1. Is it possible to state the helix-based mean residue ellipticity at 222 nm for the chain, with each DSSP H run of 4+ residues giving -39500 (n - 2.57), the sum divided by total residues, to the nearest 500 deg cm²/dmol? What is it?
2. Quick one: pull the percent of accessible area on region 290-384 belonging to carbon and sulfur, 1.4 Å probe, ligands and nucleic acids left out.
3. Which residue, chosen from L230, A170, A153, occupies the Cα position most advanced towards the positive end of the dipole of region 143-236, where the dipole is computed from +1 (Lys, Arg) and -1 (Asp, Glu) charges on Cβ about the Cα centre?
4. Can you send over the carbon and sulfur percentage of the accessible area for region 84-143, probe radius 1.4 Å, protein chains only?
5. What nm value, rounded to one decimal, do you get for the distance between E305 and A245 when each label is placed 7 Å out toward the C-beta?
6. Using Cα positions and a limit of under 17 Å, work out the aspartates and glutamates in reach of K515, with same-chain residues fewer than 8 apart set aside.
7. What is the extension gain from I534 to T231, computed as 0.36 nm multiplied by their sequence separation minus the C-alpha to C-alpha distance, in nm to one decimal?
8. Suppose the Debye formula is applied to equal point scatterers at every Cα of region 269-346; what is log10 I(q)/I(0) at q = 0.22, 0.25 Å⁻¹?
Amino acid sequence: MSTTRRQFLASTASLLAAPALPAFARQSAAAQSGAGDAGATALLAAIAEQLLADGPESATSLGIDKGERAGLRARLSDRSVAGIGKVADGLRARVAQLDALDPTTLGPLMRTNVEAVRTSLQLGLDGFAFPYGDVAVGGWRNAPYVVVQNVGAYLDIPRFLGDEHKVESAADADSWLARFDSYADQLDGETERLKIAFGRGVIAPDFLLDKCLRQIALTRGADPAKWDLLTDFTGKAAVTGHQAAQAARIAAGRIAPALDRQIAELRRHRAAATSDAGVWKFPDGEAYYGWALRAATTTTMTPDEVHRTGLEELQALHAEMDTILKGQGYTSGTVGARMTALGKDPRFLYPDTDAGRAEILQFMTRTIADMRAKMPRAFHTLVRGNVEVKRLPLAEEPGAPGAYGGAGSIDGTVPGRVWLNLRTTALHSKFSLATLAYHEGIPGHAWQGEYTFRLPLVRSLLAFNAYSEGWALYAEQLGAELGAYDDNPIGRLGYLQSLAFRACRLVVDTGLHAKRWTREQAVAWFATTNGSPIEEVSGEVDRYCSWPGQACGYKIGHSAINRLRTRARRELGDRYDFRAFNDAVVLGGGVPMSVLEHVIDRHIAERKV
């Protein structure tokens with residue numbers, strides 16, 4: 001996700017943020033400090049440093065692997081059993097320290113920081129209680145499988161070393177080589193954990209393993225000397241001949257054999273795999289899904305409640321879509337059937353060629369730039385909106401979603417990115433792309449992520465799925481409210497279909513993991529109900545199988561933000577300010593949904609004065 005935030009201590013980040021805040025907000029923050037804030041600040045700063053030590057890649061992503069943290073630049077996280085155990089032990093100790101703080105001595109802003117951090121660490125600790133899978137402490141990618149079509153070092157590290165670890169000097173090249181060498185250790189650490197999972201019967205479905213094996217074969221290739229990652233590195237001006245030769249030796253002697261060992265273990269899993277799609281098949285599957293759903297939504301909603309919510313929200317959205325479709329001459333059939341027909345209309349399709357892919361990238365870039373200019377109408381406090389649109393690496397495309405995005409580095413040297421999956425242009429219609437630009441770019445992930453640079457460092461390192469994805473859906477809504485579809489009913493249909501798509505996710509995710517739906521059942525229901533392309537829906541369903549619960553955060557978070565906005569408007573009356581409300585949500589940073597309520601409570605109280 002983000003990059004440069006860790007170079008700043010929590011106190012420094014707060015000071016840097018202050019000039020950009022409105023005067024009333026700075027005065028309010030000063031007035032609301034507590035006697036225990038200094039001690040809590042020191043603890044949160046220490047937690048940030050521990051998180052960076054556990055995940056050195058994020059220090060580079062944030063652009064703060066300098067000065068006292070320069071040593072992190074040559075390290076990767078430890079994905080072995082011992083490494084995971086060390087992370088869990090550290091979380092346990094930090095949660096105990098947070099629990100020892102007296103909340104009555106903390107100001108409300110610091111209380112928010114402490115509540116958010118403690119929740120994130122505890123969720124990670126709860127995840128480590130399951131002796132398998134991949135736990136994203138302070139992140140969104142929790143998976144029951146160590147390596148699968150969208151999880152694993154074979155995907156993460158080539159992209160990270162190729163796009164985020166800049167090589168501008170011989171020293172940069174040396175640290176790159178140290179990480180390249182550690183890549184082999186990460187692969188072997190994962191393979192060790194795959195073997196343990198196999199012994200516990202935790203094996204990915206056959207259809208996911210088939211995708212994974214195809215993708216890791218692309219990473220492995222036939223000849224390490226021809227890897228794109230290697231040729232890109234050796235072609236850089238700062239890389240010496242000796243360093244290029246060393247990279248080639250590491251690739252052939254260390255990484256290729258580690259990939260071969262992992263492929264062999266994955267093939268063993270494939271031989272024992274079934275087509276059962278959900279985690280209900282695990283001995284403790286119900287408990288695991290309960291945790292995954294709680295981590296993804298930061299609520300205590302049950303699978304049945306989430307499933308029912310999805311059906312109810314879908315009904316309301318389809319009612320509005322029905323009216324627009326009739327106005328466009330699409331009068332017969334279900335909403336899903338009519339949206340399917342709309343999606344096949346040649347007017348709204350891009351050619352499945354390199355020219356079509358270039359057209360998509362250009363449209364996304366232009367749409368994000370247009371929305372950036374409208375941001376003063378939605379926010380009092382603005383950020384730069386430093387973002388670029390890029391195509392996903394080819395090896396990642398088969399198992400990746402249609403797009404994803406995030407903020408860049410704090411110092412702005414690395415822009416935020418909107419990554420587009422262009423394995424086929426059928427993933428993106430002309431009536432859906434603008435909404436995607438708002439979701440991933442501005443005012444979505446890339447925009448919102450820049451506000452976290454103004455918070456204590458640890459808050460920049462931790463994210464909450466329901467908040468970040470709920471905000472991204474709210475960003476789509478802001479696009480509509482700022483007039484994006486006023487003269488474009490087909491575009492509004494794309495926006496409404498996007499929201500309905502997320503409502504469908506609530507139904508499908510819980511269907512797969514709690515109600516024992518098959519993959520085929522999930523794909524068919526999704527495609528026919530929402531009118532989404534089979535190609536897109538198939539990849540989506542596979543994603544829900546490997547990231548249980550994650551897809552539920554979107555609509556749950558979006559609905560929570562809108563409920564809070566409705567309450568703020570009702571309680572404030574004439575004092576309600578659309579831009580001030582949006583400021584309150586983004587300036588408070590990523591938080592659990594319960595904590596977001598406290599943030600808006602304070603916003604309402606301050607504006608009533």
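The values are calculated or read from the model by the stated rules, or taken from the named source; none is laboratory data. What you see is a predicted model; the values in this text were computed from it and never measured. Note that each Cβ is placed from the backbone with ideal geometry, even for glycine, and that neighbours are counted across all protein chains shown. Just so you know, the surface numbers come from the protein's heavy atoms only, side chains and all, with ligands and any DNA or RNA stripped out. Shrake-Rupley method; radii C 1.70, N 1.55, O 1.52, S 1.80 Å.
1. Working: 26 runs with 372 residues, N = 609.
Result for the chain: -20000 deg cm²/dmol, rounded to the nearest 500.
2. Working: 2720 of 4930 Å².
Taking all protein chains in place, region 290-384 shows 55 percent carbon and sulfur surface.
3. Positive-most Cα among the choices belongs to A153.
4. On the way: 1390 of 2420 Å².
With neighbouring chains kept in place, the figure for region 84-143 is 58 percent.
5. So the label points at E305 and A245 sit 6.5 nm apart.
6. Correct list for K515: D276, D284, E286, D304, E305, D542.
7. Details: separation 303, 0.36 × 303 = 109.08 nm, distance 3.63 nm.
Gain in length upon complete extension: 105.4 nm.
8. For the requested q values the scattering log ratios are -0.95, -1.10.
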